[in-house]
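The values are calculated or read from the model by the stated rules, or taken from the named source; none is laboratory data. Remember, predicted model here, so these are calculated numbers, not experimental data. Here the Cβ is made from the backbone with ideal geometry for all residues, glycine too, and neighbour counts use every protein chain on show. Calculation scope for accessible area: heavy atoms of the full protein, side chains included, ligands and nucleic acids excluded. Shrake-Rupley method; radii C 1.70, N 1.55, O 1.52, S 1.80 Å.
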Amino acid sequence: MTVQLEVFAARGTHPARDEFARHLVDTGKLTAAGLERATRLSLESGEKFERVLAQLGLVGERDIAEALATVLGLPMATAEDYPQAPVMEERLSPRFLKDAAVLPLAEHETAVLIALADPLNDYAAEAVAFAAEKPVKRFVAYPADFEAAYDRLYGGGRSEIHQISQETGERGGAAVEEDVERIKDSASEAPVIRLVNLLITRAVEARASDIHVEPMNGELRVRYRIDGELKDVEAPPARLSAAIVSRVKIMAALNIAERRIAQDGRIRLAVRGKDIDFRVSTVPTIHGESVVLRILDRSSLTLDFATLGFDDEITRSIRDLLDRPFGILLVTGPTGSGKTTTLYTGLLELNTRARKILTIEDPVEYQLAGVNQVQVKPQIGLTFASALRSFLRQDPNVVMVGEIRDLETAQVAVQAALTGHVILSTLHTNDAVSAITRLLDMGMEDFLLTSTINGVVSQRLVRTLCPHCREPYEVLPELAARLQIAPKPDGKPHTLYRPRGCAQCGGAGYFGRTAIVEVLAMDDALRQTVLARADAASLRRQAVAGGMRSMHLHGMKKALDGETSAEEVLRATRMG
């Protein structure tokens, strides 16, 4: 006989809650001001203290779960701990399990193992023990793992996206497309709000850098960019495309009635307890509006050269260029290659109370303490060039220009460098040498470039191999020669690694990304080559002769160390 258990509302305080709050403050996860704010809101709203922390973005859900596990002396449940089939299915209703945020992991003769997303809910554990007629052993569940396991075990073959989509009814998309009021109403309905929140939450959990929502002919395609690769994920039905796009536009304070032109906006949300910014871009297509959300997770921003993948030799070279009293340092690479992060890391190195730092960016991706950051606004005449001219009257020591896009900006940057300022900026070129030729092609005088350019950093991002499943193999001499790998002194073959795929990396074989870099430092010999109007090939030969190590060689060093694969390096450096 099935025991239908109702939700046990754990209202009031729990003896361990005060200790949990103190632990968060003592470990630096929560400030005293944050504690006071969360406590006040919890008392006013009646919401549980730990839930308020997550909703406000004060503490991440994973940090909350780990802190509760530590305070309560309980183990954490890993993704592998969840069963392949429901446990105690005849005695516990799915509704109770979801509402009480508890899942049985395994049933033994003497005890039942349970995972609790809310480990302070003693009533949930007691209810399972009552239904099982035996004691329970508690594990603390990370909410994302709990939800994924529940969806898999009790979703009835239907995913959460499918279930929410069914709640919206069967209204067609064509009529809604023509009626702005109807689409606004649809976008404000609870199921559509939950759908958009779910798509965003899953993207953050998957470590995605971008969310692409693309209406196609008869379908809505949703893709996440993970480690630089676009991957299809489950999407809502096409009939909801207009409502979903409009919901995103409402969140970004965009005009939902305007569907003929591109729009840009920003969203700030607390996702899984983390405060995350989203850059929103909409573009009209023949099948509807395509939306891209760039995920800017400040908690995952690491402004450290070593963590970014720069080895000691490269870091020393960059720091030497940053230490120059004046001049221009350029960072080059394609979109999404980490140029802005490298510039921010350089600014962090220069950011002291003795220096005034100004930036002009499009857009301002992350806010840096102690740095005056300005967002370009071309519609009112605030461009890179005009802002840079204004900056010089602010008596700065260091100026960062988001991108040198035209001759005017380049000329102002050169003039600023000549008057004793340190200028950091980016260019979209394929390698370090091409930055010089690009500026010359813009119309810059060669003698001004050689006087002001201190150096150029060029970089790409390559995927890092999953350390749990990477597979070694010996490199044949012919392949080693093609990859420009020098033979070993003892004549033995080199070892490289290839991706295989496992549960830890989701079958991809890769997990995360790292930078491969080349640093061109302007020296006298290179200056003479530039003044002689030599071509790019000659400039590259001179740069290598002067000590520049190419991105390819840096990448192959990482491949030999097992950080990435040779295929990733070839893909990034276009040498295959």
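Normalised by the empirical 2.2 N^0.38 Å for globular proteins, what value does the Cα Rg of region 412-517 take? Provide the component values of the computation, followed by the final result.
Details: Rg = 21.1 Å, N = 106, 2.2 N^0.38 = 12.9 Å.
Against the empirical 2.2 N^0.38 Å value, I get 1.63 for region 412-517.
How long are the three semi-axes of the equivalent ellipsoid of region 518-576, in whole Å, if each is the root of 5 times an eigenvalue of the C-alpha gyration tensor, listed from largest down?
For region 518-576, the semi-axes come out at 28, 12, 6 Å.
With a 1.4 Å probe and all protein chains left in place, how much accessible area per residue does the chain have, in Å²? Walk me through the numbers on the way to the answer.
On the way: 27430 Å² over 576 residues.
Per residue, the chain has 48 Å² of solvent-accessible surface.
Under 17 Å between alpha carbons, and skipping anything fewer than 8 positions from residue 488 in its own chain: which lysines qualify?
Of all the lysines, those that pass the test against residue 488 - Cα under 17 Å, at least 8 places apart if same chain - are 557, 558.
What is the gain in length, in nm to one decimal, between residue 350 and residue 232 on full extension, counting 0.36 nm per residue of separation less the C-alpha to C-alpha distance?
That works out to 38.4 nm of additional length.
Pick out, in residue order, every one of the chymotrypsin sites (Phe, Trp or Tyr not before Pro) in region 309-380 that is DSSP loop and has at most 16 other C-beta atoms within 10 Å; say none if there are none.
326, 366
Suppose R0 equals 51 Å. What FRET efficiency, 1/(1 + (r/R0)^6) with r the Cβ-Cβ distance, do residue 74 and residue 498 give to the nearest 0.05?
For R0 = 51 Å, the calculated efficiency reads 0.80.
Where both residues lie in the chain, what percent of DSSP beta bridges are antiparallel, nearest 5?
Antiparallel bridges: around 65 percent, rounded to the nearest 5.
At 7 Å along Cα-to-Cβ for each site, give me the label-to-label distance between residue 43 and residue 221 in nm.
The two pseudo-label positions are separated by 5.4 nm.
Tell me the carbon and sulfur percent of the accessible area for region 278-336, rounded to whole percent, probe radius 1.4 Å. If you can, show how the numbers build up before the last one.
Numbers: 1390 of 2670 Å².
C and S fraction of accessible area: 52 percent.
Points 7 angstrom from Cα along the Cβ direction at residue 269 and residue 133: gap in nanometres?
Calculated label separation equals 4.6 nm.
Considering the chain, which cysteines have no disulfide-compatible partner, defined as another cysteine with its Cβ under 4.7 Å away?
Within the chain, no cysteine lacks a partner Cβ under 4.7 Å, so the list is empty.
Given region 232-357, report the % of alpha carbon pairs whose separation exceeds 21 Å.
58 percent
Within the set of other residues whose C-beta is less than 9 Å from the C-beta of residue 340, count the net charge using Lys and Arg as +1 and Asp and Glu as -1.
The answer is -1.
Cα to Cα, under 29 Å, and not fewer than 8 places away if on the same chain: which lysines meet these conditions relative to residue 249?
Cross-link targets: 184, 231, 274, 339, 377.
Hey, any idea what the orientation-averaged projected area of the convex hull of region 1-148's Cα atoms comes to, in nm²?
8.8 nm²
What nm distance separates the two modelled labels at residue 201 and residue 283, each placed 7 Å from Cα along Cα→Cβ?
3.0 nm
Let's test the formula: R0 of 30 Å, r as the Cβ-Cβ distance of residue 481 and residue 541. What FRET efficiency results, to the nearest 0.05?
The pair residue 481/residue 541 has a calculated efficiency of 0.90.
When the expected Rg is taken as 2.2 N^0.38 Å, what fraction or multiple of it is the alpha-carbon Rg of region 285-441? Please report the intermediate quantities before stating the final value.
Numbers: Rg = 16.1 Å, N = 157, 2.2 N^0.38 = 15.0 Å.
So the Cα radius of gyration is 1.07 times the expected 2.2 N^0.38 Å.
Report residue 283's accessible area, 1.4 Å probe, all protein chains in place, as a number in Å² to the nearest 10.
Per-residue accessible area (residue 283): approximately 70 Å².
Given a 1.4 Å probe and the protein chains all in place, what does the accessible area of residue 19 round to, in Å² to the nearest 10?
The value for residue 19 is about 90 Å².
Step by step: find N for the chain, compute 2.2 N^0.38 Å, then divide the Cα radius of gyration by it. What's the final number?
This ratio for the chain stands at 1.13.
Net charge around residue 450, counting only other residues with Cβ within less than 12 Å of its Cβ (Lys, Arg = +1; Asp, Glu = -1)?
Working: positive: 527, 533; negative: 445, 446, 523, 524.
Within the 12 Å Cβ shell, the charges total -2.
Counting only C-alpha contacts under 8 Å and six or more residues apart, can you give the relative contact order of the chain as a whole percent?
9 percent
For a quick check of understanding: with a 1.4 angstrom probe and all protein chains in place, what accessible area in square angstrom does residue 162 have, to the nearest ten?
Near enough 80 Å² of accessible area.
Could you calculate the FRET efficiency of residue 304 with residue 335 from 1/(1 + (r/R0)^6), where r is the beta carbon distance between them and R0 is 22 Å, rounded to 0.05? Walk me through the numbers on the way to the answer.
On the way: r = 23 Å, r/R0 = 1.04.
The computed FRET efficiency comes out at 0.45.
Report, in whole Å, the centroid distance computed from the Cα atoms of region 282-330 and region 78-98.
If you average the Cα positions of each part, the centres end up 43 Å apart.
Using 0.36 nm times the number of residues separating residue 326 and residue 110, minus their current alpha carbon distance, what extension gain do you get?
Taking 0.36 nm per residue and subtracting the Cα distance, the gain is 70.5 nm.
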